[in-house]
Each structure stands twice: as structure tokens, then as C-alpha cells.
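A.B. asks: Here's a structure for you.
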Amino acid sequence: MTKAIYPGSFDPVTNGHLEIIKRAADMFDKLVVLVSVNPNKTSSFSAEERMNFLRKVCYDIPNVEIDSFDGLIVDYFRKNDCTVIVKGLRAMSDFEYEFQMAHVNKHLCPKAETVFLCADSQSTYLSSSMVKQIAAFGGDISAFVPAAIVDDIFERLDTTKQKG
Ligand code: PNS
């Protein structure tokens with residue numbers, strides 16, 4: 001059985017993430033979307049909130065499981081008998097960092113192969129931080145995140161401005 005993990009901050013999940021999730025779910029028997037800690041970022045949503053967003057948008061993909069882990073991805077990988085790490089690449093600017101991380105993970109755990117999926121052309125400019133910035137100023141985020149979580153994001157960011 002192939003068991004892939006797709007680790008990320010998902011702060012919050014965007015349409016770009018969801019597109020990668022759907023494609024990876026088609027490629028592997030099981031896909032764990034893993035809410036993880038990026039030490040270089042401060043999260044706006046708690047791990048539980050981010051998992052709830054993911055649960056809402058992935059409820060209809062039967063082989064997807066949502067989990068969270070506060071540690072090294074390779075430790076989760078080993079403990080849970082995973083076979084592949086999935087990452088999305090939006091642009092060359094993502095590549096250097098992701099390439100480095102894939103090599104570090106493989107060094108720490110030689111079985112940990114990373115598979116990169118190229119984001120579709122509509123998601124190349126999309127990021128969670130951009131979504132949060134638009135939402136913070138009351139802009140329209142409906143083209144960037146799944147409809148099921150638009151209101152949750154506005155409520156949680158406590159904006160009283162229009163939802164676009
Ligand atoms: O969505 P992001 O913020 O680009 O995801 C980055 C993430 C969370 C996947 C990365 O920071 C990560 O793997 N964090 C866990 C710690 C770890 O295993 N780091 C890799 C070895 S340096």
C-alpha cells in the first residue's frame with residue numbers, strides 16, 4: 001500500500017493546496033494531509049482550526065486523512081509507515097527551499113522519497129499569507145480558498161469589514 005504524506009502549514013488551506021491534495025489522492029492509496037510546524041512562520045490559526053478547515057474541504061475524498069504533528073516530518077514518516085512525501089511547487093522560487101528540504105529529509109530517513117507536483121497555472125501566485133492579507137482588509141477571497149471555509153476565515157480573523 002502506498003501511503004503518502006502532504007505536510008504543510010495550511011494556514012489556511014487554499015485552492016492551490018486542495019488541487020494538490022486531489023491529485024495526490026488519485027496517485028496514492030492513502031494520503032495524510034499533515035498540519036505541521038514551520039519554525040520560520042508564525043501561524044494565524046491554531047493547528048486544530050487548520051485541521052478543521054482541511055476536514056471541511058476534504059470530507060468527500062475518501063482516502064484522505066487529516067492529522068497534525070509537532071516535530072520532524074521524517075519522524076512522523078517512520079512512525080506511520082509512510083512511503084512518500086508529497087510537496088507542491090508553484091514556481092522556481094519554491095524550488096530551492098523544497099529541494100534542500102527533500103535532501104535533508106532523505107538524509108535523515110533514506111526511505112523518505114519526496115514527490116513534487118507542479119501547481120496548476122491558476123495557483124502559481126496563490127499563498128496562504130496572501131489570502132490572510134486580503135481577508136484582513138475585507139477583500140474578496142472567494143476565488144482563492146474553498147467556499148466552505150470563507151466565512152470561517154473572516155470570523156476567525158475577526159474582521160468586521162465586508163466579506164467581498
Ligand atoms: O506550508 P509550508 O510552511 O511551506 O510547510 C513547511 C513545512 C511545515 C512542511 C516544513 O517547515 C517542515 O517540514 N516542518 C517540520 C520540521 C521538519 O521536518 N523540517 C525538515 C527538516 S529541516
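The values are calculated or read from the model by the stated rules, or taken from the named source; none is laboratory data. Bear in mind that the values here come from a model prediction, so they are computed numbers and not experimental data. With ideal geometry, Cβ positions are generated from the backbone for all residues, glycine too; neighbour counts draw on all protein chains shown. For accessibility, only protein heavy atoms count, side chains too; no ligands or nucleic acids. Shrake-Rupley method; radii C 1.70, N 1.55, O 1.52, S 1.80 Å.
A.B. asks: Return the residues of segment 105-134 that are surrounded by 14 or more Cβ atoms within 10 Å (Cβ to Cβ), assigned to a helix (DSSP H, G or I), over 14 Å from the mean Cα position of the chain (by Cα) and within 12 Å of the ligand (Cβ to nearest atom); say none if nothing qualifies.
C.D. replies: Asn105, Lys106, Leu108
A.B. asks: Phe69 - would you say it is within 16 Å of the ligand (Cβ to nearest atom) and open to solvent by less than 30 Å² (accessible area, probe 1.4 Å)?
C.D. replies: Considered against the rule, which asks whether it is within 16 Å of the ligand (Cβ to nearest atom) and open to solvent by less than 30 Å² (accessible area, probe 1.4 Å), Phe69 comes out as no.
A.B. asks: With the condition kept exactly as written, say whether any residue in segment 83-100 is within 17 Å of Val145 (Cβ to Cβ), modelled with pLDDT of 95 or more and either open to solvent by less than 50 Å² (accessible area, probe 1.4 Å) or more than 9 Å from the ligand (Cβ to nearest atom) (or both).
C.D. replies: Yes, the conditions are met somewhere in segment 83-100.
A.B. asks: Six or more apart or on different chains, Cβ under 7 Å: which pairs go from a residue in segment 91-105 that's more than 13 Å from Cys118 (Cα to Cα) to one that's more than 10 Å from the ligand (Cβ to nearest atom) and of a type in the set (Ser, Thr, Tyr)? Could you list them?
C.D. replies: If the second residue must be more than 10 Å from the ligand (Cβ to nearest atom) and of a type in the set (Ser, Thr, Tyr), the pairs left are Ala102/Thr114; Asn105/Thr114.
A.B. asks: Within segment 33-61, track down each residue that is β-branched (Val, Ile, Thr) and within 14 Å of the ligand (Cβ to nearest atom).
C.D. replies: Val33, Val35, Val37, Thr42
A.B. asks: Going by the conditions given, is Phe154 away from the ligand (no atom under 13 Å from the Cβ), open to solvent by less than 50 Å² (accessible area, probe 1.4 Å), among the aromatic types (Phe, Trp, Tyr) and assigned to a helix (DSSP H, G or I)?
C.D. replies: Yes; evaluated as a whole, the condition is true for this residue.
A.B. asks: Show the residue pairs that are 6+ apart or on different chains and have beta-carbon atoms under 7 Å apart, the first residue being within segment 118-147 and among the charged types (D, E, K, R), the second being part of a helix (DSSP H, G or I).
C.D. replies: Asp120/Glu19
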